[in-house]
Amino acid sequence: GTAQIGVTGLAVMGRNLARNFARNGFTVAVHNRSFARTQSLVAEHGEEGTFVPSESVEDFVASLARPRKIVVMVKAGPATDAVIDELVPLLDEGDIVIDAGNAHFPDTRRREAALREKGLHFVGSGVSGGEEGALLGPSIMPGGTRESYEVLGPILEAISAKVDGVPCCTYVGPDGAGHFVKMVHNGIEYADMQLIAEAYDLLKQGLGASAAQIGEIFAQWNTGDLESFLIEITADVLAHVDAATGAAFVDIVLDQAEQKGTGRWTVQNGLDLGVPITGIAEATFARALSGSVPQREAARAALPAATLPWDVSDRDAFIEDVRQALYASKVVAYSQGFDQIAAASAEFGWDIDRGAMARIWRGGCIIRARFLNRITEAYERDPQLPLLLADEYFTAAVGDGLAAWRRIVAGAAQHGVPVPAFSSSLSYYDGVRAVTLPANLIQAQRDFFGAHTYRRTDRDGSFHTQWSTDRTEHDA
Ligand code: 6PG
């Protein structure tokens, strides 16, 4: 065969990735379970490049030059395993199977190990940017062997988004590293979206502003430090008018958020690794709360508010406070996400370059933003940076907004506006910087009821106090 890359699974993401490869001059083998979809791709977009369509998996595999590079773009889970099982017997040593879906990284680890045993490469790759990104240039986060990246990297870099001429694609790390980083990307996406939603709610409730007015505020914010894809589309969405009713579009959208699971995986992993990703967790739980319909109905009728009306005297000052609180909370959420990447990298031996991850997120992906440059710079200053928040740039940026952040969180509490991500981020900030935390009491309680032992501030070792008898202390 002669095709340089193959794509199987031609739903919208697979289709657009295949077109992207073709538009960049690669000969693309294409295959889909139902051949009609393959035919329609070639009929509608055949002039964009060179497609080699196949009806059977055998012909598809045979149409590829070796080592074969096959992108699998099907639904995460059993469908992915089914396609891999069908492909594997047809492949030769050194061939590369790329899973570009949102797979859960433990599945990727399992699949990588299984294919490695057969002399094949399995590359679990995060791909972000939605439909448009897949076609015009996504952010790509490939894992697997370094050896596979030597062959595959140039092709993926060619179709990726570019920022200042730099591709938004780099080798992430072995086995599940690519899908792990994509998972955290999505967790951060949840946190970022929740923070933006809380800012919108604060402006709505604090100022009584209309969707269109709030849209203008977001458009203004998009010219500064907050400049990002998510802020930009928020301004766009808020300005949109519903054709059927003439109402602001957001005002006719039901307030129950859904999710497909990547945010939940991120939180579950945060718990497994013991990394406090509070922003992502609150964002995920906020979606769950919004969808808890019977609970919301029961609470709406029964729970008193005991709040005062929000009397904002200086509108501009309030808007600026919300902006600064949003930025500070956002820095915390990203700092936590990068901590999670560091923890997983250590746990699984991935050696992930966090600065490089921020670099490939500058374009193509959903969380693309000006501020990611600052993150890359921070890790360039100190590749082992233990806490992004403690980098000089972020310390200063958050410090400047600290008073505003406190005013907003306190005001929201007094006036009954739920701001789980804003407030948990501020609590995290105060917790992580605290000289002492009340964990001493937790340890004492644990020792009291379960003889779980404690350490002392004044000497090394573990100790237990005989609480139920004479309360003497013993080495544990
Ligand atoms: C991306 C997106 C993409 C998907 C979200 C939606 O990076 O292109 O993250 O993967 O649109 O995961 O996730 P939810 O349906 O869970 O909100």
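Every read-out reported here was derived from the displayed coordinates using simple, explicitly stated rules and does not represent laboratory data. Only a predicted model underlies this, so the values are computations on that prediction, with no experimental measurement involved. Reconstructed Cβ throughout: ideal geometry from the backbone, glycine too, with neighbour counts over all protein chains shown.
Couplings for the stretch 278-284, taken from phi via the Karplus curve 6.51 cos²θ - 1.76 cosθ + 1.60 with θ = phi - 60°, read 5, x, 5, 5, 4, 5, 5 Hz in order; Gly and Pro are left as x. Working note: Karplus 6.51/-1.76/1.60 with θ = phi - 60° gives the stretch 450-466 the couplings x, 6, 7, 6, 8, 9, 9, 7, 9, 7, 6, x, 10, 9, 9, 9, 7 Hz, where Gly and Pro are set to x. Helix 105-117 and the longest principal axis of the Cα set of the chain meet at an angle near 40°.
Taking θ as phi - 60° and the Karplus parameters 6.51, -1.76 and 1.60, the scalar couplings of the stretch 130-143 work out to x, 4, 5, x, 4, 7, 9, x, x, 8, 10, 10, x, x Hz in sequence order, x denoting glycine and proline.
Sort the stretch 225-336 into rounded, prolate or oblate with this rule: let a ≥ b ≥ c be the square roots of the eigenvalues of the Cα gyration tensor; rounded if a/c is under 1.5, and if a/c is not under 1.5, prolate when a/b is larger than b/c, oblate otherwise. Before the final figure, lay out each step's value.
Values: a/c = 1.34, a/b = 1.16, b/c = 1.15.
Here the stretch 225-336 falls in the rounded category.
Based on the convex hull around the alpha carbon atoms, the stretch 155-291 presents an average projected area of 11.2 nm². The stretch 11-68 and the stretch 352-391 have their alpha-carbon centroids 35 Å apart. Measuring r between the beta carbons of GLU320 and ALA62 and using R0 = 56 Å, the FRET efficiency lands at 0.35.
Over 20 Å between C-alpha atoms is what I'm after, so list which of LYS75/LYS118; LYS69/LYS162; LYS75/LYS330; LYS182/LYS330; LYS182/LYS260 land there.
Numbers: LYS75/LYS118 24 Å; LYS69/LYS162 22 Å; LYS75/LYS330 31 Å; LYS182/LYS330 18 Å; LYS182/LYS260 14 Å.
Going by Cα-Cα distance, LYS75/LYS118; LYS69/LYS162; LYS75/LYS330 fall outside the 20 Å limit.
Give me the Kirkwood hydrodynamic radius of the chain in Å, from all C-alpha pairs, to one decimal place? Write down the numbers at each step before the final one.
Details: mean 1/r = 0.0406 Å⁻¹.
Final number for the Kirkwood radius of the chain is 24.6 Å.
Estimated from helices alone, the mean residue ellipticity of the chain at 222 nm is -17500 deg cm²/dmol (sum of -39500 (n - 2.57) over DSSP H runs with n ≥ 4, per residue). Rounded to 0.05, the FRET efficiency of the ALA247 and ALA410 pair, given R0 = 45 Å and the Cβ-Cβ distance, is 0.85. Taking amide H atoms as placed 1.01 Å from N in the peptide plane, the amide H of ALA476 lies under 5 Å from those of SER462, PHE463, HIS464, each 5 or more residues away in sequence or on another chain.
Ranking LEU238, GLY291, GLY165 by how far each Cα lies toward the positive end of the dipole of the chain (charges on Cβ) leaves GLY291 at the top. Under 5 Å between amide hydrogens, built in the peptide plane, is the criterion, and for CYS169 it picks out ILE140 among residues at least 5 positions away or on other chains.
Angle of helix 211-221 to the longest C-alpha principal axis of the chain, folded into 0 to 90 degrees and rounded to 10: 80°. Close amide H pairs (under 5 Å, H built 1.01 Å from N) link VAL123 with VAL97, ILE98, ASP99, residues at least 5 positions away or on another chain.
Each part gets one Cα centre, and for the stretch 417-476 versus the stretch 283-347 those centres are 27 Å apart. What is the angle, in °, between the Cα long axis of helix 372-381 and the longest principal axis of the Cα atoms in the chain? Nearest 10 is fine, range 0 to 90. Here the helix axis deviates by roughly 80 degrees. Extending 7 Å from the Cα toward the beta-carbon at both ASP311 and ARG433 defines two label points whose distance is 3.1 nm. Between the beta carbons of ASN373 and GLN256, assuming R0 = 30 Å, the FRET efficiency works out to 0.25 to the nearest 0.05.
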